Ligand SMILES: Nc1ncnc2c1ncn2[C@@H]1O[C@H](COP(=O)(O)OP(=O)(O)OP(=O)(O)O)[C@@H](O)[C@H]1O
Ligand SMILES: [Mg+2]
């Protein structure tokens, strides 16, 4: 295999090959955290796609003329680049390798995968652009998988990602993306956790935000979420604010794949999303991850049928042990 790596063969030093998300998911897998299994399509696969479709020149040409003062023009130009990548032909050997990994991953009981953007910057310590690229949920079947992988590659060129590179003084051709294909957790409850309070900076606290369904509603800022603060030393509950939850994201049952934002049923709106035992389990899990990495982490997690899955961990910048 040339262009793919299973998560259990990846570690935190693989940022340049697997992007920040892929590298940390690999590290978490290797230390025994319950990470849904999956694999990463390494960063050089996009280079191979572009060269085999003779797209390097045309993309560089559009990229050299991007106008960051004119957001409509920027949107149009980046959409042009995304279109070139999303409609490119995946070389036969690369497609065969992706499908071989995919067939080994899915089963009748676990048919759905997530196609997740994992990014970095060539020859730079930058290993994330939070929320700038695209992730797809409940992807079903080989045709849809290959389509979402191409769209995920293309999302290296969302207007907001190009703008973020520009603002940070990063040459446009230095962005890299390594999609992660991972079994879906059909989340009952999900959210984010910080092993330092992102509001006050207190490193003695753990802050958790959660909502029903996929954590997508929480990370996209679309929902009202339950909010919990734990004492990091003894995992005692310091604060609990149960929100009146309005929207959640689940599988699109009508279509049979993909995600759908919908209203929270009224009877569940004001019910807490996490039990006291789950708060302790989340706190304990995050402390183990923080200890392993040696810095405060921002962790994404989900519960399905009472089982906790870790979906992401990354360093919290500008707070605590950095
Ligand atoms: N395998 C999965 N099963 C269930 N939910 C998932 C899975 N992968 C991701 N999610 C949910 O989707 C959300 C978004 O996915 P992802 O982390 O890939 O992108 P993002 O958080 O929008 O951006 P980024 O992490 O790149 O800043 C995650 O926070 C998580 O809640
Ligand atoms: Mg994320």
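Listing for the model above:
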quantity	calculated
Translational D in µm²/s for segment 189-315 (Stokes-Einstein at 10 °C, 1.306 mPa s, Kirkwood Rh from C-alpha pairs)	107
Gained length - residue 31 relative to residue 241, 0.36 nm times residue gap less alpha-carbon distance	72.3 nm
For segment 141-178 and segment 193-243, distance of Cα centres in Å	29
Contact order relative to length of the chain, as percent, for alpha carbon pairs under 8 angstrom and 6 or more apart	18
Rounded to 10°, Cα long-axis angle of helix 142-154 versus longest principal axis of the chain	80
FRET E, pair residue 307, residue 227, Förster distance 25 Å, beta-carbon r, rounded to 0.05	0.60
Residue 1 paired with residue 220, simple spin-label distance in nm, labels 7 Å along Cα-to-beta-carbon	3.0
Per-residue [θ]222 nm for the chain (sum of -39500 (n - 2.57) over DSSP H runs n ≥ 4, rounded to 500)	-10500 deg cm²/dmol
Tilt relative to the chain, helix 276-293 - C-alpha long axis, 0 to 90 degrees, to 10	50
Reciprocal of mean inverse Cα separation for the chain (Kirkwood radius, Å)	20.4
Relative exposure of 27, 61, judged by other C-beta atoms within 10 Å (fewest first)	61, 27
Estimated inter-spin distance, residue 96 and residue 168, nm [label 7 Å along Cα→Cβ]	3.7
Inter-label distance, nm, simple model (7 Å from Cα along the C-beta direction), residue 270/residue 317	4.0
Value of Rg to Rh for segment 66-188 (Rh from inverse mean 1/r over Cα pairs, i.e. Kirkwood)	1.01
Proxy reagent accessibility, fewest Cβ within 10 Å first, across 292, 166, 137, 318	318, 166, 292, 137
Tilt relative to the chain, helix 92-105 - C-alpha long axis, 0 to 90 degrees, to 10	20
Those residues of segment 86-107 whose amide nitrogen sits under 18 Å from the label point placed on residue 52, 7 Å along Cα→Cβ	86-103
For segment 189-315: relative contact order, % (alpha-carbon pairs under 8 angstrom, 6 or more apart)	25
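Throughout, read-outs are computed from the coordinates displayed, never taken from laboratory work. Just so it is clear, the model here is predicted, and its values are computed rather than measured. A quick note on method: Cβ atoms are made from the backbone with ideal geometry, for glycine too, and the neighbour counts reach across all protein chains shown.
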